[in-house]
Amino acid sequence: MSDTWSKTPHRSMSAESSSSGAQHHALVAEFLTALGQALASMSLYGAGHPSRGISRTRAHERLAAALAIVYPLRLTFLDGDIIVGLQALHELRAGDLAQRLGAAGVQRLEFDGAVPTDAVMTALLDTLYAAAGPHGTPVTQMVALPGIRLGPVALLSDASEDNSPTGASGVGRQENEESAFMNALVTAGLQEELDTMTWIASSTAARGRVPIGDVEAVIRGLSLSMQAEHDTLIPLISLKSVDEYTTVHACNVSMLAMGLAESLGFASRDVRAVGTAALLHDIGKVKLPESILRKTGALTDSERALMCTHPVEGAKLLGARGEGHALAAIVAYEHHVWANGEGGYPTFQFPRRTHYVSRLVQVCDVYDALSTERPYRAAWPRARTLHYMRLQAGRELDYDLLLAFFDLLDRAERRQAAG
């Protein structure tokens, strides 16, 4: 008899990983596998059945082995993905265990480095099963056990109590560590995704194919950053130099599009599909000369004509990947066509409304493009950007999506002000 709890991750290390990193990740994967099996046995057997005790002991032993090398051990579960410390394990498929834990509010699981006692290990399994079992009640606040904390990802950074025996001074230190950790998680993740996106562009230009696996890894990192912000203003990346514009713009538009899609009630899987399409909306620019992309003055007529080919080039690159990436190809092709189909480029032979996701990405694209410094002009002030976008409502920009986007920005600002 099988149970989906046992479908847990197995680590497959890349050639670039160090031997020590491989050992660390393998130990974590073994612990998660044993944890999934222990939870599965709880759903299959009664409280006194020996199989439950055997699986609990195995999970306890695997945890002890992991904590002997990885300490403190901090695990994050988001949409079926797993992050150990600050590193998103892109090649580790977290499977149903991580999906269930995340959905049950156990987005973070932290061990302070000390091996828990048998009683604490039993309490941990009981807590996880109570939240994510067949008739579980999701966790809505931080739960503390001796040496262990678990709960929603954002709440752990706001925890007001500490379970360590260090007394009052330990409370403040723990809070500071958590706050610093969450900030580092966002910052480190975004820098990694920026570097990966730069590599994606160069690889696509050289090979004529988009490395979709790496694109999905970037989306996971950006999604994690959004989750860590916990509904405050989306963590848009600031330019360090105008040379970074194409890469930073792609990541910002992706985060804005995922935030807007989420606010509109899209399912998690669809939010990521929108984020992927947004991340690749300008991928056709890899076919353009750098001299045009970085030109500080106005483009000539011939240069502008060449610039206007990037939607078609992007659709060709993504279309070559097959039907599974059709949405990204459509958005790449349509994101500069007006929402009403009567302007922009490329020109439709028969005017029509563009795809809903194309219109969604277009709103985010225009906002970030105007708000960010470009090689040929300074960033527009926020008021000017929003005024321009209002003027384009119902023409260049979809009216309803623009209202939803403004509402997203307003709610984010209110949360920031309240926090």
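For Arg209 and Arg395, the FRET efficiency from 1/(1 + (r/R0)^6), where r spans their Cβ atoms and R0 equals 35 Å, is about 0.45.
Charge tally around Ala261: other residues with Cβ under 10 Å, Lys/Arg +1 each, Asp/Glu -1 each, net -1. Restricting attention to the range 179-418, lysine pairs at least eight places apart or on different chains and with alpha-carbon atoms under 17 angstrom apart total 4.
Read-outs: derived from the displayed coordinates by stated rules, not from any lab. These figures come from a predicted structure and were not determined experimentally. Cβ coordinates were reconstructed from backbone atoms using ideal geometry, including for glycine residues, and neighbour counts include every protein chain displayed.
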